[in-house]
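What follows is calculated from the coordinates using simple rules that are stated; it is not laboratory data. What you see is a predicted model, and the numbers here were worked out from it, not measured in a lab. Heads up, the Cβs are rebuilt from the backbone with ideal geometry, glycines too, and the neighbour counts pull from every protein chain shown.
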Amino acid sequence: MIYQFATEVIIWLGEREVEDELGEWLQGIYQRTVVYNDWSDDSKSQFLVDRYIDGYETLRAQYTGPMNQKRDVYGAFCLIWLLSQGRKSTDIPFYHTKSFTNRFRMEWATQVSEGLRAIMQRNWVCIKPSA
């Protein structure tokens with residue numbers, strides 16, 4: 001009910017970790033397009049996700065492997081948003097590994113999974129039993 005009646009919700013995930021990737025690589029691909037994280041409505045969110053998928057496709061075409069091992073927190077947000085919109089995981093190109101012989105897709109999906117894990121390990125997410 002809190003979110004249903006809210007006009008705006010702001011989420012802070014805590015301090016950035018060294019291993020976290022927050023989508024800065026999109027700036028290089030799109031000639032220094034400012035990467036903003038305004039997920040305030042579906043059209044803005046769709047724009048962010050589309051840019052992420054376009055960047056994924058561009059980098060996939062240039063892949064020479066292996067990638068830097070980062071925790072793709074930005075990709076995790078894109079994944080969560082797509083799932084919340086009713087997309088099946090098999091229809092998400094940067095996450096579903098239809099073929100485990102495709103090393104690029106496997107490495108990318110691993111980074112997104114690590115991004116999800118990083119979010120879930122934040123202190124504010126973890127529920128600790130009271131002493």
Ile29: net charge of surrounding residues, Cβ under 9 Å, Lys/Arg +1, Asp/Glu -1, itself excluded?
0
Note down the nm distance, to one decimal, between modelled labels 7 Å out along Cα→Cβ at Asp91 and at Glu8.
3.2 nm
Report the paramagnetic label zone for Arg117: residues of the range 61-87 whose backbone N is under 12 Å from a point 7 Å from Cα along the Cα-to-Cβ axis.
70-72
Amide H neighbours of Glu21 at under 5 Å, excluding residues fewer than 5 places away on the same chain, with H built from the backbone geometry, are Arg71, Asp72, Val73, Tyr74
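Of the listed peptides 78-84, 108-114, what is their order by residue-averaged count of other C-beta atoms within 10 Å, with the highest listed first? Intermediate values should be presented prior to the final figure.
Numbers: 78-84: 17.7, 108-114: 19.6.
Ranking, from highest mean packing down: 108-114, 78-84.
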